[in-house]
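Below is one structure; the comments refer to it alone.
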């Protein structure tokens with residue numbers, strides 16, 4: 001499971017587009033640990049024209065972190081069902 005936090009005040013509203021079931025924003029998640037302990041960060045996705053410019057950077061609008069599952073207690077073993 002992954003937890004994501006996005007600062008919606010940093011979203012460029014011109015990058016929002018209508019879809020069949022709502023208003024959407026394409027984002028890109030980078031798998032690079034941050035200085036704040038997250039596992040990666042999120043930017044708005046580049047347009048094809050912006051991708052051509054290798055130096056063009058979009059602002060970071062959020063971050064993400066893997067959520068570690070809680071440890072489950074081991075199941076009890078019924079000693080009578082062990083074949084040895």
Are any residues in the range 53-84 closer than 30 Å to residue 42 by Cα and either outside any strand (DSSP E or B) or at pLDDT below 70 (or both), and if so, which ones? 53, 54, 55, 56, 57, 58, 59, 67, 68, 69, 70, 71
Across the range 1-29, the tally of residues that are in contact (Cβ under 8 Å) with a residue 60 or more places away in the chain and outside any loop (DSSP other than H, G, I, E, B) stands at 3
Sort out which residues of the range 30-44 are surrounded by 14 or more Cβ atoms within 10 Å (Cβ to Cβ) and part of a loop (DSSP other than H, G, I, E, B), and write them in order of number. 34, 38, 39
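The values are calculated or read from the model by the stated rules, or taken from the named source; none is laboratory data. Quantities reported herein were computed from a predicted structural model and do not represent experimental measurements. Ideal geometry is used to build each Cβ from the backbone, glycine not excepted, and the neighbour counts take in all protein chains shown.
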